[in-house]
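The values are calculated or read from the model by the stated rules, or taken from the named source; none is laboratory data. Remember, it's a predicted structure, so these values are computed and weren't measured experimentally. With ideal geometry, Cβ positions are generated from the backbone for all residues, glycine too; neighbour counts draw on all protein chains shown.
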Amino acid sequence: MRISFATCVACILILLTASSSCQNHSSNTLAQPISDSATYPLTICGDKSADQICFESVVAHQLKARLIPNNGRRKELGITKISGVLGITHFFLDFDLTTGYVHPYTINFFNKLGLKDFVLKFDRTPGDSTLGYVSYIRKEQMQEKDKLGQNIGFFRQWKLSEIDYRENKGVIEILVKPSTFSSACVSPQAKAESTSAFGHQIPFWCEGYEDGYFPLENFSKLDRHNGGTVVVIWQDQKSGQILFQDIHNSLLEVMKRAIAISKEYNTDPVIAISDAGPMANKFLSSEKHELDCTKFPLVNIPHAGAGFGYVPGQEGSK
């Protein structure tokens, strides 16, 4: 497997809500949603032994989460478990909000963001620098105190309208080309006229050698070589709030959800990506909400593995 640069690493979130579209294609057993949205911020489908755990978060303006330090910092502190989180979603793209570390590549990519593009913002709670609220703002809304790697996180992003898909006789087709991120895989493409600073190939891959338009239904798998994690972000026209939903699933389910959001909210949502494709498996914490850090990917790369996990028992969006 090839990765586009340095290390496409990790942002760690965790979710639990209720969504009938959440499917696990790597296991024959589907678990019921663990709880409702009043108690947990996500829906998780699939059992703990599954190769990948698919999930959708609630649609929210902000969600409470706990930060997780990178591999090097955890080793330095002797941390093998993280308590009080539900599981893993994203892996950060070579930065760490617990230490302020930012890889030079990430700085370069961050500088490509336009003023209207979105960044993750982490607002810490008093008395605990690892606990706070995740939300998204536009880059132009950043204040002088907001700093990449300290309270601001980076995501590559494309508007839904920039992704090259079409409807043909009632069937949605998407343009894919051989992936530069992973051998023997294909990746969805942005339209030729896309203005995204992050290129025409979207770092979300699927097995296959095809080159052209193919039905979305062809890309329904979620496993080590198919699917991945995105956050869909948009501004609600009624409230003016910036809303988001985290999704870890197949390309089919991600696109279906983004299209549904575009229709429900009459908007052109952004699909934002931190880690690349399915390189980082998603899994749950224990029943005591303890997360085993030994499962993290790229454990031999000190600056990899940072992120955060959603906190159980919260009231959802604040």
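Structure data summary
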item	result
Candidate set: the stretch 82-131, residues that are acidic (D, E) and assigned to a strand (DSSP E or B); chosen: the one nearest to the chain's Cα centre (by Cα)	D123
Residue list for the stretch 20-49, restricted to those being at pLDDT 65 or above and either part of a helix (DSSP H, G or I) or not aromatic (F, W, Y) (or both)	P41, L42, T43, I44, C45
Strands (runs of 3 or more DSSP E) wholly inside the stretch 205-311 that include at least 2 residues being at pLDDT 90 or above	212-215, 228-235, 242-249, 270-273
Of all residues in the stretch 171-186 being over 10 Å from F204 (Cα atoms) and part of a strand (DSSP E or B), the one that is farthest from the chain's Cα centre (by Cα)	V171
Check on D246, buried (at least 17 other Cβ atoms within 10 Å of the Cβ), touching a residue at least 60 places away in the same chain (Cβ under 8 Å), among the charged types (D, E, K, R) and in contact with a Leu (Cβ under 6 Å, 6 or more places away or on another chain)	yes
Meets criteria (crowded, with 24+ Cβ neighbours inside 10 Å, farther than 18 Å from Q157 by Cα and touching a helix residue (DSSP H, G or I) at 6+ places or on another chain (Cβ under 8 Å)) for F283	no
Unique match (being surrounded by fewer than 19 Cβ atoms within 10 Å (Cβ to Cβ), touching a helix residue (DSSP H, G or I) at 6+ places or on another chain (Cβ under 8 Å) and farther than 24 Å from G228 by Cα) among K169, K147, K139, K116	K116
Top-ranked residue of the stretch 146-170 - restricted to ones that are outside any strand (DSSP E or B) and hydrophobic (A, V, I, L, M, F, W, C), ranked as nearest to the chain's Cα centre (by Cα)	F155
Residue match in the stretch 133-145 (condition: assigned to a loop (DSSP other than H, G, I, E, B) and under 22 Å from A304 (Cβ atoms))	no
Residue check for Q189: without any contact (Cβ under 8 Å) to a residue 40 or more places away in the chain and assigned to a strand (DSSP E or B)	yes
